[in-house]
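Only one structure is covered here, and it is reproduced in the block below.
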Amino acid sequence: MPSVAAYAAHDKTSPLGPLTITRRDPGPTDVQIEILYCGVCHSDLHTARSEWPGTVYPCVPGHEILGRVTAVGDRVTKFQVGQTAAVGCLVDSCRECASCRAGEEQYCDVFGMVFSYNSPDAHLPGQMTYGGYSTQVTVTEDFVVSVADSLDPAGAAPLLCAGITTYSPLRHWGAGPGKKVGIVGLGGLGHMGVKFSHAFGAHTVLFTTSAGKVADGLRLGADEVVISKDPTAMQAHALSFDLILNTVAASHDLDQFTPLLKRDGTMVLVGVPEQAHPSPSVMNLVFRRRSIAGSLIGGLRETQEMLDFCAEHNITSDVEVIRMDQINEAYGRMLESDVKYRFVIDMATMKNS
Ligand code: NAP
Ligand code: ZN
Ligand code: ZN
């Protein structure tokens, strides 16, 4: 079994550092991928620092994985050696429940989905799955997607989580022409939300706490940018939104946003902060039949659809490419909302170090 260079959190407080891990030999339906780029998601930080329950150490984060196929099992039909391929947040699921059969593996009814990291690894008993902060991964063909070579590979890596996590709810709740859509937070997810909402033809409004991001918000596709700390600017949008996609990674007051929804409007939460949000006002919901909803990444079918849409419309993430050994600094900047707008690790820098 191959030994692979990786970077891991060894406990919840120490900086991430090198670790050699074991990957399985490719089985008949497996695809082995040399990882070229891996995006840095705020979920990696939440997990590495045990901000969510259940982290098992050592933990190798990373679920925005893009690379080149280096080997395929003899029953693999969709991938060939040399092809560009990608892996997102899931590497398997039960495949039998209603959600899995519907192509919504992320909502597997028996909680049989296997996350790319920090899930028990059925192939290597006693070990957890290890993510993309590493030079190589082996994944079953059904959970590998293909990426057009026309897309910049570093910019395409974040599509595997930030991309699909915003694409899926915008599609599900019908963002498009004639709809007014708000995106809250201009980070990794938020900037992809702005790009997709704009590409789908919705009137797109960015809400940001960072005055320095106004020009970028407009450049990325927002029709308007609102500083969410300005109550007068917020009030000007009361009762006007069909949909608000909230990507904020920290606990905050949801009542800032619910009054901005129209009757029957929905605010979808995709940010999963460590500390719960203060309980939102029920009054704001019942009086206009408004909803607060949640959404988790997207299934494999929709992920491939999103990647094909991005190839057609030349959509990628705005990235800052970093070396593997800059990851701890990147986490620090992420906590300062200082990401423009996704860190992506160049895995060649791990092989060379
Ligand atoms: P990120 O790059 O750090 O972006 C989060 C943005 O939220 C920041 O750039 C900032 O935008 C805003 N923000 C941060 N702290 C804030 C605060 N205290 N009050 C108001 N706004 C604040 O993070 P990300 O990678 O996009 O991830 C965002 C969240 O989504 C994380 O919790 C992550 O775990 C979660 N996530 C969920 C899913 C899912 O399937 N549901 C998938 C991936 C990630 P401004 O500077 O513009 O205000
Ligand atoms: Zn993610
Ligand atoms: Zn299932």
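The values are calculated or read from the model by the stated rules, or taken from the named source; none is laboratory data. These numbers come from a predicted model, not from an experiment. For neighbour counting, all protein chains shown are included, and Cβ atoms are generated from backbone atoms with ideal geometry for every residue, glycine included. Accessible surface is based on the protein model in full, side chains and every heavy atom, while ligands, DNA and RNA are left aside. Shrake-Rupley method; radii C 1.70, N 1.55, O 1.52, S 1.80 Å.
Side notes on the structure shown:
- Residues (among the aliphatic types (A, V, I, L, M) and either assigned to a loop (DSSP other than H, G, I, E, B) or open to solvent by 20 Å² or more (accessible area, probe 1.4 Å) (or both)) located in region 81-123: Val81, Val91, Ala98, Ala102, Val110, Met113, Val114, Ala122
- Within region 3-51, considering residues that are open to solvent by less than 30 Å² (accessible area, probe 1.4 Å) and in a loop (DSSP other than H, G, I, E, B), the one farthest from Glu64 (Cα to Cα): Gly27
- Residue pairs meeting the criteria (Cβ under 9 Å; at least 6 apart or on separate chains; first assigned by TED's automatic domain parsing to the domain that holds Phe143 and farther than 21 Å from Ile35 by Cβ, in region 107-119; second in a loop (DSSP other than H, G, I, E, B) and open to solvent by 60 Å² or more (accessible area, probe 1.4 Å)): Tyr107/Leu296; Cys108/Arg95; Val110/Glu96; Gly112/Arg95; Gly112/Glu96
- Taking region 292-353 and the helices (runs of 4 or more DSSP H) fully enclosed by it, the elements with 2 or more residues that are within 16 Å of ligand 3 (Cβ to nearest atom) and more than 23 Å from Ala250 (Cβ to Cβ) are at 300-313.
- Condition check for Ala148: surrounded by fewer than 23 Cβ atoms within 10 Å (Cβ to Cβ), touching a residue at least 40 places away in the same chain (Cβ under 8 Å) and more than 17 Å from the chain's Cα centre (by Cα): yes
One line per residue, one yes/no per condition, for (1) at pLDDT 95 or above; (2) in contact with a Pro (Cβ under 9 Å, 6 or more places away or on another chain); (3) of a type outside the set (D, E, K, R); (4) not assigned by TED's automatic domain parsing to the domain that holds Leu335:
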residue	(1), (2), (3), (4)
Asp44	yes, yes, no, no
Arg49	yes, no, no, no
Ile65	yes, no, yes, no
Thr77	yes, no, yes, no
Arg95	yes, no, no, no
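Here is a yes/no grid of residues against (1) open to solvent by 60 Å² or more (accessible area, probe 1.4 Å); (2) within 16 Å of ligand 2 (Cβ to nearest atom); (3) not in a helix (DSSP H, G or I):
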residue: Ser197; (1), (2), (3): no, no, no
residue: Ala215; (1), (2), (3): yes, no, no
residue: Leu218; (1), (2), (3): yes, no, no
residue: Ala222; (1), (2), (3): no, no, yes
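- Test result for Phe257, touching a residue at least 40 places away in the same chain (Cβ under 8 Å), near ligand 1 (Cβ under 10 Å from one of its atoms), open to solvent by less than 40 Å² (accessible area, probe 1.4 Å) and within 26 Å of Leu296 (Cβ to Cβ): no
- Scanning region 65-80 for residues that are among the polar types (S, T, N, Q), in a loop (DSSP other than H, G, I, E, B) and touching a residue at least 24 places away in the same chain (Cβ under 8 Å) gives a single hit, Thr77.
- If the condition is being within 20 Å of Leu220 (Cβ to Cβ), within 11 Å of ligand 1 (Cβ to nearest atom) and either exposed (fewer than 14 other Cβ atoms within 10 Å of the Cβ) or among the small types (Gly, Ala, Ser) (or both), then region 287-345 contributes Ser317, Glu336, Ser337, Asp338.
- Taken over region 305-321, the criterion of being within 14 Å of Gly39 (Cα to Cα) and touching a residue at least 40 places away in the same chain (Cβ under 8 Å) is satisfied by Thr316, Ser317, Asp318, Val319, Val321.
- Boolean, Gly126 is free of Cβ contacts under 8 Å to residues at least 60 places away in the same chain and either in a loop (DSSP other than H, G, I, E, B) or more than 16 Å from ligand 2 (Cβ to nearest atom) (or both): yes
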